[in-house]
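Engineer: One structure, as structure tokens, below. Some questions next.
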Amino acid sequence: MSKEMMNENSSMSIAGLDPSGGAGILADAKTFHAHGIYATCVVTAITAQNPYEVTNIQKIDVDVISDQIDTILDVYPIEYIKTGMLYSEDIVKLVSSKIKEYQLKAVVDPVMISESGKNLTQDNFASFINKHLLKNSFLITPNIHEAEQLSNIKIDNEDRMIEASLKLSKYTNVVITGGHLKGNDILVEGDNLHIIEGNLIKTDNTHGTGCTYSSAVTSNLIKGYDILDSCIKSNRFIQKAIKNGFNKTPYQLFKLR
Ligand code: PXL
């Protein structure tokens with residue numbers, strides 16, 4: 001580890017383990033690394049999965065999560081963190097209290113469902129985020145489905161996306177990613193609304209794009225870009241990542257058979 005990586009350019013992901021490497025802390029660590037950011041990763045849950053199915057989830061004890069966070073923050077001067085799969089109310093509450101204790105700036109990816117369609121949370125998870133985490137976060141990065149759950153607004157077009165982002169922006173900065181609609185992202189930071197134009201890429205290989213996007217935004221914030229530029233750069237980064245993703249891995253060839 002180089003000295004400058006150790007100093008300013010460190011981050012922490014608090015998220016689940018997807019051992020297949022597409023999503024969760026492995027995707028986060030790879031994304032931080034690709035941006036020159038040293039990655040630390042706190043595990044909230046272990047999943048058993050591949051890109052097609054999640055077969056098991058083991059939540060980590062909240063005391064162990066707390067100790068992971070404290071032990072890292074004792075040593076690394078981390079300002080921006082990224083959160084992913086938080087699974088349960090006690091974990092959401094813990095993360096919220098650590099954000100306050102260490103005065104962290106948290107990019108919150110409110111992970112709810114895997115790309116393969118499996119619920120990655122306890123019931124009523126959106127209400128836990130709204131109650132404990134939203135107002136303590138720096139930026140929240142929901143996709144369309146997550147934004148619907150958080151805002152209670154059905155989103156079937158871009159106007160509804162804007163309505164939901166304005167509602168959530170009363171509590172925090174918000175970027176709703178548009179990959180499940182037309183491809184444009186809607187960012188509201190403070191009083192400013194931005195439509196970040198994106199291209200929809202036709203693919204079924206999007207496992208982990210939410211994790212990768214929010215880790216890219218966190219990396220760009222650490223590098224000193226403002227919120228708008230961080231979101232624009234990360235939109236471009238994710239498009240490249242999808243285009244250059246592993247489309248010829250054994251599992252995809254298997255699927256084609
Ligand atoms: O992409 C959402 C996601 C986040 N975190 C973990 C996951 C997934 C999707 O499968 O497994 C750990």
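What follows draws every value from the coordinates through simple rules; no lab data is involved. Source: prediction; values computed, not measured. For neighbour counting, all protein chains shown are included, and Cβ atoms are generated from backbone atoms with ideal geometry for every residue, glycine included.
Engineer: What distance in nm separates the simple spin-label points at N244 and V75, each placed 7 Å from Cα in the Cβ direction?
Structural biologist: Using points 7 Å along Cα→Cβ, the separation is 3.1 nm.
Engineer: What is the magnitude of the charge dipole of region 38-111 about its Cα centre, with +1 placed on the Cβ of each Lys and Arg, -1 on the Cβ of each Asp and Glu, and no other charges, expressed in debye to the nearest 20?
Structural biologist: Using Cβ point charges on Lys, Arg, Asp and Glu, region 38-111 gives about 240 debye.
Engineer: Still on this model: Please tell me which of these pairs span more than 20 angstrom C-alpha to C-alpha: K105/K182; K82/K167; K30/K118; K98/K135?
Structural biologist: Going by Cα-Cα distance, K105/K182; K82/K167; K30/K118 fall outside the 20 Å limit.
Engineer: Give me, ordered by chain and number, the residues 5 or more places off I60 or on other chains with an amide H under 5 Å from its own placed amide H.
Structural biologist: When sequence neighbours closer than 5 places are left aside, the close amide H contacts are A45, I46.
Engineer: What's the exposure ranking of S169, S214, going from fewest to most Cβ atoms within 10 Å?
Structural biologist: Sorted ascending by nearby Cβ count, the order is S169, S214.
Engineer: With a ≥ b ≥ c the root eigenvalues of the C-alpha gyration tensor of the chain, is it rounded (a/c under 1.5), prolate (a/b larger than b/c) or oblate?
Structural biologist: Numbers: a/c = 1.22, a/b = 1.07, b/c = 1.13.
Here the chain falls in the rounded category.
Engineer: Of the chymotrypsin sites (Phe, Trp or Tyr not before Pro) in region 1-93, which ones lie in a loop per DSSP and count no more than 16 other C-beta atoms within 10 Å?
Structural biologist: Sparse-neighbourhood loop chymotrypsin sites (Phe, Trp or Tyr not before Pro): Y52.
Engineer: In whole Å, what is the distance between the alpha-carbon centres of region 87-105 and region 34-84?
Structural biologist: Using only Cα atoms, the two centres lie 13 Å from each other.
Engineer: With contacts defined as alpha carbon pairs under 8 Å and 6 or more residues apart, what's the relative contact order of region 31-126 in percent?
Structural biologist: Values: 112 pairs, mean separation 25.4, N = 96.
In percent, rounded to a whole number, it is 26.
Engineer: Count charges around V107 for me, please; just the other residues with Cβ under 13 Å from its Cβ, Lys/Arg as +1, Asp/Glu as -1.
Structural biologist: Net local charge, V107 excluded: -2.
Engineer: Still on this structure, please answer the following. To the nearest 0.05, what FRET efficiency results for K170 and K118 with a Förster distance of 41 Å applied to their C-beta separation? Spell out each step's value before the answer.
Structural biologist: Details: r = 31 Å, r/R0 = 0.76.
That pair, K170 with K118, gives E of 0.85.
Engineer: Once you keep just the Cα pairs under 8 angstrom separated by 6 or more residues, what percentage relative contact order results for region 3-256? Walk me through the numbers on the way to the answer.
Structural biologist: Numbers: 489 pairs, mean separation 41.6, N = 254.
Relative CO of region 3-256 lands at 16 percent.
Engineer: Under the 0.36 nm per residue contour assumption, what length would be gained going from the current alpha-carbon distance of K223 and H33 to full extension?
Structural biologist: 67.1 nm
Engineer: Also: Which order do D109, D74, D229 fall in if you start with the one that has the fewest other Cβ atoms within 10 Å?
Structural biologist: D74, D229, D109
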